[in-house]
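Below is one structure, written out as structure tokens, with a few remarks after it.
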Amino acid sequence: MDDKFSYQTITCKSALNKINSFLPYHYDLNIYRGCEHCCVYCFAKYSHKYLEDNQFFNHIYIKENIVEELEKKLSSKSWKRDVINLGGITDSYQPIEKEKKLMPKILRLLIKYKTPAIISTKSSLILRDIDLLKELSDVAGVQIACTITTLDQNLASILEPNASSIKLRMKTIQTLKEAGLTVGWHLMPIIPYITATRNNLKNIFEIASKCQIDYMITGLLNLRGTTKTDFFHFLKQTFPDKYEAIWNLYHNKERMKEYKVQLYQLLNSLEKEYHINRNYQKYVPQKKEKKQLELF
Ligand code: SF4
């Protein structure tokens, strides 16, 4: 445990969150509330509001009964083995997971109940569970994505201070790929004038292509609520020379529209040049039908 952070155990009423979305999955599971990775653009801070707590990065809640609750759900007759998104709000492999070791228990349950999953992370800790991930991939399917928004370690240390180093995240992608798993690259959020440089994006596409990733998801920085206020405060302190341009962009719809067009033209041309697939949907694991499951 790190002294900068405080930890508190809580109980959850249900392990899964049902989400009604346009996404190809409808269940989310988050072991932790709060995230030690401390990304300056974190979109999930709102999730601490329910707890009347504004210490999203420092005050981490651990759902101590999540494994038991998940087993109740997966063992029920009504469970249809739908795909579960692990860590849609907070990173399941943030540092505290090294000690808590809840993910291996969750993965064992998914294997036992042949339930497919999606996992996204900024941590190389996921490699600890590689044997379980391979087993899950065989019996039900798993899609794993690693987020890398810049190859510049100095910049990454400013933007995502407690995530694994870029070198370790690259090694994670390579190791997971070599293990035969389905691996994606989350190139998001792309930050205008900071990570949205042609050089950075081109280098990322080039390396992603060499790693033979299965797909890449790209997305421009989305700023709302607390994230927006905190992000502009951060810019003022850390990138004062970029502050005005980014402020103007996010406060002028027309300018933003033009910016998006140019950015997506660039991303589309890089997609073609490096033969990167940006359609992740075909890699989302589908639940296996009963007949298929009998084979395992
Ligand atoms: S890893 Fe995700 S949840 Fe954690 S701080 Fe970064 S953006 Fe927020």
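For the reader, a short list of remarks on this structure follows.
- Screening S164 against (1) more than 15 Å from the chain's Cα centre (by Cα); (2) within 16 Å of the ligand (Cβ to nearest atom) leaves a single unmet condition, (1).
- If you go through region 148-178 and pick out every residue that is out of contact with any helix residue (DSSP H, G or I) (no Cβ under 8 Å at 6 or more places or on another chain), under 19 Å from I191 (Cβ atoms) and not charged (D, E, K, R), you end up with 6.
- All conditions but one from (1) within 23 Å of I144 (Cα to Cα); (2) more than 16 Å from the ligand (Cβ to nearest atom); (3) surrounded by fewer than 20 Cβ atoms within 10 Å (Cβ to Cβ) apply to K98; the one that does not is (2).
- Selected residue (criterion: surrounded by the fewest Cβ atoms within 10 Å (Cβ to Cβ)) from residues of region 111-128 that are touching a strand residue (DSSP E or B) at 6+ places or on another chain (Cβ under 8 Å) and within 17 Å of A145 (Cβ to Cβ): S120
- Residues that are modelled with pLDDT of 95 or more and surrounded by 11 or more Cβ atoms within 10 Å (Cβ to Cβ) within region 263-294 comprise L263, Y264, L266, L267, N268, S269, L270, E271, E273, Y274, I276, listed in sequence order.
- Residues of region 61-105 classified as under 20 Å from the mean Cα position of the chain (by Cα) and assigned to a loop (DSSP other than H, G, I, E, B), total: 12
- From the list T218, T229, the lone residue that is in a helix (DSSP H, G or I) and of a type in the set (S, T, Y) is T229.
- Pairing each residue of region 21-44 that is aliphatic (A, V, I, L, M) with any residue that is near the ligand (Cβ under 7 Å from one of its atoms), provided the two are 6+ apart or on different chains, yields C-beta distances under 8 Å for I31/T90; V40/E160; A44/C35; A44/I89; A44/T90.
- Filter pass, I106 being of a type outside the set (D, E), crowded, with 21+ Cβ neighbours inside 10 Å, within 28 Å of I148 (Cβ to Cβ) and away from the ligand (no atom under 16 Å from the Cβ): yes
- Any hit, region 49-72, residues being away from the ligand (no atom under 16 Å from the Cβ), among the basic types (K, R) and within 17 Å of I118 (Cβ to Cβ): no
- Matching option when the condition is away from the ligand (no atom under 16 Å from the Cβ) and modelled with pLDDT of 95 or more, among I118, I126, I148, I130: I130
- Selected residue (criterion: farthest from the ligand (Cβ to nearest atom)) from residues of region 26-40 that are within 19 Å of Y93 (Cβ to Cβ) and assigned to a loop (DSSP other than H, G, I, E, B): I31
The values are calculated or read from the model by the stated rules, or taken from the named source; none is laboratory data. Fair warning: this is a prediction, and the values are worked out from it, not measured in the lab. No Cβ is skipped: glycine too gets one built from the backbone with ideal geometry, and neighbour counts run over all protein chains shown.
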